[in-house]
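Novice: Structure incoming, see below.
Readers should treat all values here as calculations from the given coordinates under stated rules, not as data from a laboratory. Quantities reported herein were computed from a predicted structural model and do not represent experimental measurements. We place every Cβ from the backbone using ideal geometry, glycine too, and count neighbours over all the protein chains shown.
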Amino acid sequence: MSVLPPSIADLSDDELLELYTAGATAPWLRVNFVTTLDGSATAGGDGVSGSLGGPDDLRVFDLLRRVADVVLVAAGTVRDEGYGPMVLHDRDVAWRRAHGMPDHPVFAIVSGSLSLDPASRVFTEAPVRPIVLTSATAAASPHATALRAVADVVPCSSDDDRDTVDAVALRDALLARDLGTVHCEGGPRFFGALVAADLVDELTLTVDPSLEGGAGPRITHGGSPDLRRFRPAHVLLGAAGVLLTRYVRVRDRDRVRDLDE
């Protein structure tokens, strides 16, 4: 008797998108990560995740960008993973045009210190003007003036702490720009801040069948001890034993609906 989940190879892109977007009505914040069996978000000692997940993970990764209004990434991950400009493949652009969306999602970078290079390709070759989400204090600094030549610099602090990026203020700033479908790609500390603020609606997690056995970080890092309950939406089997999973947040309204049913 086979107990393996369905193979992703048997599904078309449209079928995959139907699975990954079911119930995801804006505003919606999706976080995407890959991990080893022993919970490491990186592999090989180089501090990046590029060797994990394989081609099926990349396929899902591209499809999730396709449907996003904004791709949200912390500045450390942008640097560590070698991000370039947020440019989608031609097939993804064609799909977005057919569905009445702009050609490319907005690239939103979170940086409390604004340690970003305005001459980076992330900015100079961007098809859509990026957004830099930072603290109120940093937004008033001289470096912010230089970044404003290539990006919108948006202060996202609470009234009580102007030196820190506040996750709720950040989400509100995106919603104010009609960027309701958010696709977040890390990193772990930023993911931890989103978890602590209870802003995560969905986690799409690829499990690479490998043991890192080193000091790689967990996919999330923070100081919130509370559990947030998620329900499994699907599990798919990729090449070489990779598992591609989707988990959706269980909210109070979901519990009420389940009782009514």
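Novice: Excluding D92 itself, calculate the net charge of residues whose Cβ lies under 12 Å from the Cβ of D92, where each Lys or Arg counts +1 and each Asp or Glu counts -1.
Specialist: Numbers: positive: R59, R65, R66, R91, R96, R97; negative: D13, D62, D90, D103.
Around D92, the surrounding residues sum to +2.
Novice: Starting from the Cα coordinates of the chain, work out the convex hull volume and express it per residue in Å³.
Specialist: Details: hull volume 40.9 nm³, N = 261.
Cα-based convex hull of the chain, divided per residue, equals 157 Å³.
Novice: To check you understand DSSP bridge types, tell me what percent of the beta bridges within the chain (both residues inside) are antiparallel, rounded to 5. Before the final figure, lay out the partial values.
Specialist: On the way: 14 of 41 bridges.
Just about 35 percent of them are antiparallel.
Novice: Put +1 on the Cβ of each Lys and Arg and -1 on the Cβ of each Asp and Glu in region 69-180; which of V150, L114, L170 then has its Cα farthest toward the positive end of the dipole?
Specialist: Highest projection toward the positive end goes to V150.
Novice: I would also like to ask the following. Sequence-distant or interchain residues sharing an amide H contact under 5 Å with G187, placed H: which?
Specialist: The list, which skips near neighbours in sequence, is A74, T77.
Novice: Another one. Taking the Cα centre of the chain as origin and charging only Cβ (+1 Lys, Arg; -1 Asp, Glu), how large is the dipole, in debye to the nearest 20?
Specialist: Numbers: 25 positive and 38 negative charges, 55 e Å.
My answer is approximately 260 debye.
Novice: Still on this structure: Only Cα pairs within less than 10 Å get springs; with that Gaussian network setup on the chain, which residue of G112, G39, G100 has the largest fluctuation?
Specialist: G100
Novice: Using the Karplus equation 6.51 cos²θ - 1.76 cosθ + 1.60 (θ = phi - 60°), what ³J(HN,Hα) coupling, rounded to whole Hz, does each residue of region 132-149 give in order, writing x for Gly and Pro?
Specialist: 10, 9, 9, 7, 5, 5, 5, 5, 9, 7, x, 5, 4, 4, 5, 5, 5, 6
Novice: Comparing A167, A197, A43, which has the greatest mean-square fluctuation in the GNM of the chain with Cα pairs linked when under 10 Å apart?
Specialist: A197
Novice: Let me ask something additional. What value, in deg cm²/dmol to 500, does the helix sum -39500 (n - 2.57) over DSSP H runs of n ≥ 4 give at 222 nm once divided by the residues of the chain? Display every interim value, and only then the final one.
Specialist: On the way: 10 runs with 79 residues, N = 261.
Theoretical 222 nm ellipticity from helices: -8000 deg cm²/dmol.
Novice: OK, next. Which of these, D14, D172, D208, has the largest mean-square fluctuation under a Gaussian network model of the chain (Cα springs below 10 Å)?
Specialist: Judging by the Gaussian network model, the answer is D14.
Novice: Step through the residues of region 17-23 one at a time and calculate ³J(HN,Hα) from phi using the Karplus curve (6.51 cos²θ - 1.76 cosθ + 1.60, θ = phi - 60°), rounding each to whole Hz and writing x for Gly and Pro.
Specialist: Whole-Hz 3J(HN,Hα) from phi for region 17-23: 4, 4, 5, 7, 10, 4, x.
Novice: Then there is this: What ranking of H104, H99, H183 emerges when the number of other C-beta atoms within 10 Å of each C-beta is taken as an exposure proxy, fewest first? Don't jump to the answer; show the numbers that get you there.
Specialist: On the way: H104 20, H99 9, H183 24.
Placing the least packed residue first, the sequence is H99, H104, H183.
Novice: So what's the net charge close to L244: Lys and Arg +1, Asp and Glu -1, counting the other residues with Cβ under 11 Å from its Cβ? Write down the numbers at each step before the final one.
Specialist: Working: positive: R59, R246; negative: D56, D57, D208.
Charge balance near L244 sits at -1.
Novice: Collect residues whose amide H, placed 1.01 Å from N in the peptide plane, falls under 5 Å from the amide H of V34; neighbours closer than 5 in sequence don't count.
Specialist: Result for V34 returns T206.
Novice: Can you give the charge dipole size of region 111-246 about its Cα centre, rounded to the nearest 20 debye, using +1 on the beta carbon of Lys and Arg and -1 on the beta carbon of Asp and Glu?
Specialist: Numbers: 12 positive and 17 negative charges, 57 e Å.
Dipole about the Cα centre, nearest 20: 280 debye.
Novice: Continuing with this model, one more query. Taking H as built 1.01 Å from N, whose amide H comes closer than 5 Å to the amide H of A233, not counting residues under 5 places away?
Specialist: HN-HN under 5 Å from A233: R246, Y247, V248.
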